[in-house]
Amino acid sequence: MATYLGFSTQNACQPKTTNATSGSAGGPGGIRTGINWGKKYSLVDNDLVIQDFINALNIRRGTKVGQPGYGTILWDLLFEQNVAQVQDDIENEVRRIARQDPRMVFNMVRSYPYENGILIEIQMAVQPINQPVVIKVNVNIQESTATLV
């Protein structure tokens, strides 16, 4: 898994290039050749969607550069007492994170106390494939990571 270290300002002031074909006057496209602003891909592999979801669970709210509202408060909830209200808050937070990805069809979530944190069991499906998958995520307090079990 990649480690986020920050952002790079290298070549930040350079003009952005496209893969557009040149028109008759050397500009980007023309009447016969339209502007090709790059290929658009929609990645929907099961493993990719699950890894994106795990990555979203690992980002604390306020730590992503340029997007202070992005992230989860799951890590703040882990240090609370293990009562029913906190378990509901954890499950609601996982549902909120899952709703942010349109590729996920979210069915069920349950959370249980686990060795050094909590175990979150999620039943979901990826949108075009629609094959149900049950994943188990170990949220470890000591290592501050969420990983698949």
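The values are calculated or read from the model by the stated rules, or taken from the named source; none is laboratory data. The shown structure was predicted, so the numbers you read here are calculated from the model rather than taken from an experiment. Here the Cβ is made from the backbone with ideal geometry for all residues, glycine too, and neighbour counts use every protein chain on show.
Tabulated results
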quantity: From the options Arg110, Arg95, Arg103, Arg60, residue that is farther than 24 Å from Pro128 by Cα and either touching a residue at least 40 places away in the same chain (Cβ under 8 Å) or in contact with a Phe, Trp or Tyr (Cβ under 7 Å, 6 or more places away or on another chain) (or both); calculated: Arg60
quantity: Every residue from the range 97-149 that is within 20 Å of Arg60 (Cα to Cα), part of a loop (DSSP other than H, G, I, E, B) and within 14 Å of the chain's Cα centre (by Cα); calculated: Gln100, Asp101
quantity: Residues of the range 35-56 satisfying the condition of being in contact with a strand residue (DSSP E or B) (Cβ under 8 Å, 6 or more places away or on another chain), among the hydrophobic types (A, V, I, L, M, F, W, C) and modelled with pLDDT of 80 or more; calculated: Val49, Ile50, Phe53, Ile54, Ala56
quantity: Residue that is farthest from Asn138 (Cα to Cα) [pool: residues in the range 87-122 that are surrounded by 14 or more Cβ atoms within 10 Å (Cβ to Cβ) and among the polar types (S, T, N, Q)]; calculated: Gln87
quantity: Gln85 vs. criteria farther than 26 Å from Val133 by Cα, modelled with pLDDT of 55 or more and not in a loop (DSSP other than H, G, I, E, B); calculated: yes
quantity: Odd one out for Met108, checked against (1) of a type outside the set (D, E, K, R); (2) out of contact with any strand residue (DSSP E or B) (no Cβ under 9 Å at 6 or more places or on another chain); (3) more than 19 Å from Asn55 (Cβ to Cβ); calculated: (2)
